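Down below is the structure, laid out as structure tokens.
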Amino acid sequence: MAVLVVGAGPAGLAAAEVIASAGVPVRVVERMPSVGRKLLMAGRGGLNLTHAEPLDCVLPRYGDAAGWLAPLIEAFPPAALRAWCAELGIATFVGSSGRVFPVGLKASPLLRAWLRRLAGLGVSISTGQRWTGFASDGRALIDGVAQPERVVVLACGGASWPRLGSDGGWQAWLPHRPLVASNAGIDVAWSPVLAALAGQPIKPLALSIGPLTARGEAVVTANGLEGGAVYAVGAAIRSALAAGPASITLDLLPDLTAAAIASRWRASAPRDSTTNRLRKAVGLTGVRAALAREAGPLPMEAEAVARHLKALPLTVIGMRPLERAISSAGGVPQSALTADLMLSDRPGVFCCGEMLDWDAPTGGYLLTACWATGRHAGKAAVAWLAAAGG
């Protein structure tokens, strides 16, 4: 017997590799004209593969899903992913933030090497073929035609950047929580001054919502903000927005204490313009100086200035749409799956990757979970096939 894998992104290809390595014939179908399109898109930003922080720091990044994802990621942790890349001839390095990238900062060499390995294992990949649900006897339908394989691994992705292949169409046939935007920009009703500064980076920066704070950087957009600091607290912002506009604060000077800012402000010349005092006293220029004034007139008293610059209030009125998000949250819930990622009501059908109900910020955590769940589903498919006498 053979296994059918639906989806040729990282999760699907990881499942196919594990299955083929076990000596089981495997066929991959992909609805797009070529494979790995979202992986290649990620490569435009350097391809952040994983993160080098300790595993006990990695796992909490998955929030409520950390408990059930833990054994899967522990079985294929970031160190194993780096070792796997090295086996393919792709060297990796750890950036200053702990993020792991291929030395060439591109996805295409990795994908080419991976496809060569899969071809050597006998994996068949067909493009331009779409999964369209299940036949009455439970077999998978590809473009309406029932397929011969009784064991199927679904790696259909979420619904972000649907033009790259993952459009969430599978929701018509599987239990799921609604797919929503994750790692997406936020909408802020900028003044014309800030809107005109779209594309300008803000760094360093600390962004807070409630008790959560993320340090990193962001970029001003015509609609609001996007970037790592935003994505790190994106789930909390999304949750707050369910009740209406959400309040966040920006620390424009995370490297300075409030006391240091106040001291520098008092030492600056009161006769100088506000623009000059911001520049001379605390080094705020350009977009950061404009942000300092976005919430209203800048106070002149030293302690008040310090409080303002350390907790600049902003109102978030929405998030960028799902089709513009880096990833999606929601998907097939854990309650619909066995521990081996098999659908409880469809024996022999496994799910993996971003179509599962988990969420994580950028930083390598997304791809880490895709590889780990794909490999787990592949191993489980092989074991199920063996137990079924295949």
> Within the stretch 233-259, can you find the residues that are touching a helix residue (DSSP H, G or I) at 6+ places or on another chain (Cβ under 9 Å) and farther than 14 Å from R288 by Cα?
Replying inline: A235, I237, A246, S247, I248, L256, T257, A258, A259
> Would you say A222 is in a loop (DSSP other than H, G, I, E, B), at negative phi and surrounded by fewer than 16 Cβ atoms within 10 Å (Cβ to Cβ)?
Replying inline: yes
>> If D359 meets every condition in (1) more than 18 Å from A15 (Cβ to Cβ); (2) acidic (D, E); (3) more than 19 Å from the chain's Cα centre (by Cα) apart from one, which number is that one?
In response: (3)
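For the stretch 319-373, enumerate the residues that are of a type in the set (G, A, S), farther than 21 Å from R150 by Cα and surrounded by fewer than 22 Cβ atoms within 10 Å (Cβ to Cβ).
Going through the stretch 319-373, the residues of a type in the set (G, A, S) turn out to be 325, 327-331, 335-336, 339, 344, 348, 353, 360, 363-364, 369, 372.
From what's left, farther than 21 Å from R150 by Cα: 325, 327-331, 335, 360, 363-364, 369, 372.
Within the stretch 319-373, just S335 meets the criteria.
Among the residues of the stretch 336-390, what is the count of those that are in a helix (DSSP H, G or I) and in contact (Cβ under 8 Å) with a residue 24 or more places away in the chain?
Here is the first cut: in the stretch 336-390, the ones in a helix (DSSP H, G or I) are 336, 353-355, 365-387.
From what's left, in contact (Cβ under 8 Å) with a residue 24 or more places away in the chain: 336, 353-355, 365-385.
Residues meeting the conditions: 25.
Of the residues V219, V233, which single one is in the same structural domain as T285 (by TED's automatic domain parsing), of a type in the set (A, V, I, L, M) and within 17 Å of V287 (Cα to Cα)?
Working: V233 fails: within 17 Å of V287 (Cα to Cα).
So the residue among V219, V233 that is in the same structural domain as T285 (by TED's automatic domain parsing), of a type in the set (A, V, I, L, M) and within 17 Å of V287 (Cα to Cα) is V219.
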> Is there a residue in the stretch 74-93 that is acidic (D, E), closer than 23 Å to D359 by Cβ and surrounded by fewer than 19 Cβ atoms within 10 Å (Cβ to Cβ)?
Replying inline: yes
>> Show the residue pairs meeting these rules: Cβ distance below 7 Å; 6+ apart or different chains; first residue within the stretch 289-300 and over 21 Å from G224 (Cβ atoms); second residue hydrophobic (A, V, I, L, M, F, W, C).
In response: L298/A292; L298/V305; P299/V305
> For the stretch 168-203, which residues satisfy the criterion of being crowded, with 18+ Cβ neighbours inside 10 Å and without any contact (Cβ under 8 Å) to a residue 40 or more places away in the chain?
Replying inline: Q171
> Which residue, of L256, L298, L250, L241, is buried (at least 20 other Cβ atoms within 10 Å of the Cβ) and of a type outside the set (F, W, Y)?
Replying inline: L250
> In this structure, does P254 turn out to be farther than 29 Å from G234 by Cα and assigned to a loop (DSSP other than H, G, I, E, B)?
Replying inline: no
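The values are calculated or read from the model by the stated rules, or taken from the named source; none is laboratory data. Note that the structure is predicted; figures quoted are calculated from it, not measured. Cβ: placed from backbone, ideal geometry, glycine included. Neighbour counts: every protein chain shown.
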